[in-house]
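Engineer: Questions regarding the structure given below will be posed in turn.
The values are calculated or read from the model by the stated rules, or taken from the named source; none is laboratory data. All values reported here derive from a predicted model rather than from experimental measurement. So basically every Cβ, Gly included, is an ideal-geometry build from the backbone, and we count neighbours across all protein chains shown. Ligands, DNA and RNA are excluded from the accessible area calculation, which covers all protein heavy atoms including side chains. Shrake-Rupley method; radii C 1.70, N 1.55, O 1.52, S 1.80 Å.
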Amino acid sequence: MIHLTRTGLMAIAAAAGLLAGAANAQELKIGYVNSERVLREATPAKAAQTKLEGEFSKREKELTDQAGRLKGAADKLEKDAPTLSEAERNRRQRELVEQDRDLQRKRREFQEDLNQRKNEELASVVERANRVIKQIYESEKYDLILQGDAMVFVGPRVDITEKVIKALNAQGAK
């Protein structure tokens, strides 16, 4: 079951009111698309996720390796601390702090780059999904297609999400 916001209710009521005149002569044809499901299940969305994983896996592994080396150096310092001179202990601690700062900076950059690429890939999939929805709207002569996650109840008769996913899959991952 999906939650409906107050704004969503008002939009539906307004759309229903506007379309009521058209519905007098014929039945109103309404469709609904669950965008979240499309972005989770459609082949182009899965392909985009796989592409991102391939693109960022090397950097992620490098960060994991660097974090492991930093932990190893910290453990070694802790073990060796009693036998080190104070100057040597301070020098190693400064090195560890510098390495940690570098690691944190690289993690932030990685996350920013990953988020930017995710947004780019997501925008491409959403654009393609919207074209498919428009084609379905026009070819099957819908009066209204709602999209999103703002619905309280959606019956299978108006849920065209599967149709959108199949059409996207038929186009391929491109």
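Engineer: Kindly report, to the nearest 10 Å², the accessible surface of Y137 as traced by a 1.4 Å probe over protein heavy atoms only.
Structural biologist: 90 Å²
Engineer: Filter the GluC sites (Glu not before Pro) in the stretch 95-145 to those in DSSP coil with at most 12 other Cβ atoms within 10 Å of their Cβ, and list the result.
Structural biologist: Here the GluC sites (Glu not before Pro) that fit, given the DSSP loop and packing criteria, are E140.
Engineer: If you take the alpha carbon radius of gyration of the stretch 118-174 and divide it by 2.2 N^0.38 Å, what ratio comes out, to two decimals?
Structural biologist: That ratio works out to 1.20.
Engineer: Related question: Over 30 Å between Cα atoms: which of K29/K118; K29/K51; K46/K106 fall into that group?
Structural biologist: K29/K118; K29/K51
Engineer: Run the reach check for K71 against aspartates and glutamates, Cα to Cα strictly under 12 Å, same-chain hits fewer than 8 apart removed. What comes back?
Structural biologist: Qualifying aspartates and glutamates at Cα under 12 Å: D100.
Engineer: Got a number for the accessible area of V158? Probe 1.4 Å, square angstrom, nearest 10.
Structural biologist: My reading of the accessible area for V158 is about 40 Å².
Engineer: Between E27 and E138, how many nm apart are label points set 7 Å from Cα along the C-beta direction?
Structural biologist: Rounded to a tenth, the inter-label distance reads 2.6 nm.
Engineer: Still on this structure, please answer the following. If you roll a 1.4 Å probe over the stretch 42-174 with all protein chains in place, what percent of the accessible area is carbon or sulfur?
Structural biologist: 51 percent
Engineer: Mind checking the per residue accessible area of the stretch 57-114 for me, 1.4 Å probe, whole number of Å²?
Structural biologist: 76 Å²
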